[in-house]
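Colleague: Would you mind keeping the following structure in view while I ask a few things?
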Amino acid sequence: MKRFLLVLSAVLCMAAAADPGERLKDPAQEARARAIFRETRCLVCQNESIDDSEADLARDLRAVIRTQIAAGRTDAEVRGFLVRRYGEFVMLKPSFEPANWILWFGPFVVVGAGAAWLIFGRRGESTTRPLSAEEEARLARLADEDETV
């Protein structure tokens, strides 16, 4: 059974692999390209990397990245090209820059503000005062009216 599962997983991996004609001849360059594929968002699927996507745009982006790497560009240059062309959204993990700090720190600020409100914001609400004589009389009148109806 283990052998069957191993063979099945190998066949599925080969089926999911890109067309061999698209791959770079240098295995090191292809490995670099694949690493960038996993970091790049498919702009059609939006929640998948272009390595996982079968969309036509993802296929085109893979070709662009391979062309850039074959031309001798560094990984940083290829990422920079993609960001300049498609915006920061194309990267699955946004860069750590002041423009993106809200993406990195926003969730922590919201959780911290909520915790502070829960801890400190309700202190004044927990104290109750007794009813005044006027309020007691009004409450009694309302209760009498409710019983007669």
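The values are calculated or read from the model by the stated rules, or taken from the named source; none is laboratory data. As the structure is a prediction and not an experimental result, all values here were calculated from the model. Using ideal geometry, Cβ is built from the backbone for each residue, glycine included, and neighbour counts are taken over all protein chains shown.
Colleague: Is one or more of the residues making up region 127-137 of a type in the set (A, V, I, L, M), in contact with a helix residue (DSSP H, G or I) (Cβ under 9 Å, 6 or more places away or on another chain), in contact (Cβ under 8 Å) with a residue 40 or more places away in the chain and on the phi < 0 side of the Ramachandran plot?
Modeller: The answer is no; no qualifying residue exists.
Colleague: May I pose another question? State whether the residues of region 83-106 include one that is modelled with pLDDT of 85 or more and more than 30 Å from Arg34 (Cβ to Cβ).
Modeller: Yes, region 83-106 contains at least one residue that is modelled with pLDDT of 85 or more and more than 30 Å from Arg34 (Cβ to Cβ).
Colleague: Are there helices (runs of 4 or more DSSP H) fully within region 57-149 with at least 1 residues that are over 36 Å from the mean Cα position of the chain (by Cα)? List them.
Modeller: Counting at least 1 such residues, we get 133-148.
Colleague: Same structure, new question: Go through region 1-56 residue by residue and tally those that are surrounded by 10 or more Cβ atoms within 10 Å (Cβ to Cβ), small (Gly, Ala, Ser) and at pLDDT 80 or above.
Modeller: Within region 1-56, residues that are surrounded by 10 or more Cβ atoms within 10 Å (Cβ to Cβ), small (Gly, Ala, Ser) and at pLDDT 80 or above number 6.
Colleague: On to the next question. Surrounded by 11 or more Cβ atoms within 10 Å (Cβ to Cβ), among the polar types (S, T, N, Q) and free of Cβ contacts under 8 Å to residues at least 24 places away in the same chain - does that describe any residue in region 96-104?
Modeller: Checked against the condition, which is being surrounded by 11 or more Cβ atoms within 10 Å (Cβ to Cβ), among the polar types (S, T, N, Q) and free of Cβ contacts under 8 Å to residues at least 24 places away in the same chain, region 96-104 yields at least one hit.
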